[in-house]
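This report refers to the structure that appears directly beneath it.
The values are calculated or read from the model by the stated rules, or taken from the named source; none is laboratory data. Given the structure is predicted, the values throughout are model-derived calculations rather than measurements. All Cβ positions, even for glycine, are placed from backbone atoms using ideal geometry, and neighbour counts span all protein chains on display. Only protein heavy atoms, including side chains, enter the accessible area calculation; ligands, DNA and RNA are left aside. Shrake-Rupley method; radii C 1.70, N 1.55, O 1.52, S 1.80 Å.
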Amino acid sequence: KIVYEIKGLLNRSYFTKIVFNRLTNGFSELVDKKDNETGTHILRMVRYSTLLAKTLLKRNLADYPINERMVLEIERSAAVHDIGKVGIPDAILKKPGKLTEDEWEIMRTHPQIGGDIFMSIRDGLRYFDPELYKVSEEITRYHHEKWNGKGYPYGLKGNEIPMVARIVTVADVFDAISSKRVYKEAFDLEAAFDLLRSMRGETLDPVLVDLFMECKAEIAAIQAEYQ
């Protein structure tokens, strides 16, 4: 009887986590469609992020501790990276041109807005699972930090940036480079890879960039699938 009851609790816990994940990802897709005309940005960058995380797992690097659970968390949470844009006015978010410096100041608040959303949810659910949405919060709050410390909103540098956020940042930056936006044309794949390589050790984690570059064939296939 005890084993049966424990099994039921575990099943309900897993089901609850899946429900929360589906809800937040669905909301993130709505936010993304406000900012990206096709709505496929999330689909690509989740696949890129997961591919990079799986590649890192295979390498088993001492300074990049990762396990299968973390890969799954990244796959489930990468979609929420820009959820904080829900707090950015449409006049800025959908502006068909370059933003002014004042507008950029507002735009740069979206990682903190998103991180605070998940911090609030985590606080409310801490007795259910203190780790619930931890990866989501780290990805959302820190995905615009830069390896050289010149990112925002906190100016973190190198390994100060949580690894899950560094993984998603590589994927997000690559998709931004290789996709058409209202303010720019898309770079072709080779040009996008060249530009990504130029960010190695400056904007982006150099080890993660190198691993990402090794996956060109898979990345090309993902892009072709989600044009």
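A few remarks follow.
- Filter result for ARG12 (within 21 Å of VAL168 (Cα to Cα) and at pLDDT below 90): no
- Yes/no for ILE92 being open to solvent by less than 20 Å² (accessible area, probe 1.4 Å), in contact with a His (Cβ under 6 Å, 6 or more places away or on another chain) and farther than 25 Å from ALA220 by Cα: no
- Scanning the stretch 44-71 for residues that are under 16 Å from the mean Cα position of the chain (by Cα) and open to solvent by 70 Å² or more (accessible area, probe 1.4 Å), we see that the one that is farthest from ASP90 (Cα to Cα) is LYS54.
- Output for the stretch 106-121, where each listed residue is more than 17 Å from GLU145 (Cβ to Cβ) and surrounded by fewer than 18 Cβ atoms within 10 Å (Cβ to Cβ): ILE106, SER120, ILE121
- In the stretch 135-158, of all residues being of a type in the set (D, E, K, R) and surrounded by 17 or more Cβ atoms within 10 Å (Cβ to Cβ), the one that is nearest to GLU202 (Cα to Cα) corresponds to LYS146.
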